[in-house]
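For reference, the structure discussed in these notes is given below.
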Amino acid sequence: MATPVLLDCYELLAAWRRVTPNAEFVGHYRHELDELGEAVLNPPPSGRRQIVLTDVYCQLTEQLGHFSAMSVAVTTCSYGIRVPDVVWMPCDKWEGFDRDDPVPFVPDLCVEVLLDSDRTRDIDRRVKAYMDGGAAEVIVIGQRGEIGFWGNKGRRQASLFGITLQLDRMYFDVGGVATHRSVNR
């Protein structure tokens, strides 16, 4: 059996362009591409996940400026083209590439919200791919509202960007009292 060959950035982009106009993928499912260029279908986010990721987007925009975006496809070197829930990067990084295509690199900050069970199965690979691809920080929001910050040396106690998130506990499976780094309202 032959060893599968990982696609480079250009081959991933070509595969993305072949998949994107396909009506089978439009509307009901968000798609990503694995490192071999195969389509990975993701069901649409639940209502509560959409509310939380919108809340995170709004808070990041307020704290870092308006260069945040939701559900933007990004190209990773090791895990294909993935779609973090929220990304942020400085203005100058948004220039110089076709914004109708996936971002050809990983933005400075990526956020994943794990309220839907399908997101928990590969979160370690996602975090590693984002960090290996150049992210300065990855924020992961767990099913109980816990907020984790990852940097290039692993898990961090606080955000490299000084971000604090306050999320409404009603959207999480929470037992007990919330902490200042997790669900605050």
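No lab work stands behind these numbers, since they all come straight from the coordinates. In this text, all values refer to a predicted model and were calculated from it rather than measured experimentally. Here Cβ is always computed from backbone atoms with ideal geometry, including for glycine, and neighbour counts include all displayed protein chains.
One table, with the values for the structure above:
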| read-out | value |
| --- | --- |
| Residues within the stretch 66-84 that are surrounded by 19 or more Cβ atoms within 10 Å (Cβ to Cβ), touching a helix residue (DSSP H, G or I) at 6+ places or on another chain (Cβ under 7 Å) and not in a loop (DSSP other than H, G, I, E, B), tallied | 4 |
| Output for the stretch 85-99, where each listed residue is under 17 Å from Gln50 (Cα atoms) and touching a helix residue (DSSP H, G or I) at 6+ places or on another chain (Cβ under 7 Å) | Asp85, Val86 |
| Unmet requirement for Val127, which otherwise passes all of (1) touching a Phe, Trp or Tyr at 6+ places or on another chain (Cβ under 7 Å); (2) in a loop (DSSP other than H, G, I, E, B); (3) more than 20 Å from Trp16 (Cβ to Cβ) | (2) |
| Within the stretch 106-118, tally of residues that are more than 20 Å from Leu60 (Cα to Cα) and without any contact (Cβ under 8 Å) to a residue 40 or more places away in the chain | 1 |
| Any hit, the stretch 86-95, residues being without any contact (Cβ under 8 Å) to a residue 40 or more places away in the chain, in a loop (DSSP other than H, G, I, E, B) and within 20 Å of Trp16 (Cβ to Cβ) | yes |
| All positions within the stretch 138-168 that are small (Gly, Ala, Ser), over 16 Å from Asp124 (Cβ atoms) and surrounded by fewer than 17 Cβ atoms within 10 Å (Cβ to Cβ) | Ala158, Gly162 |
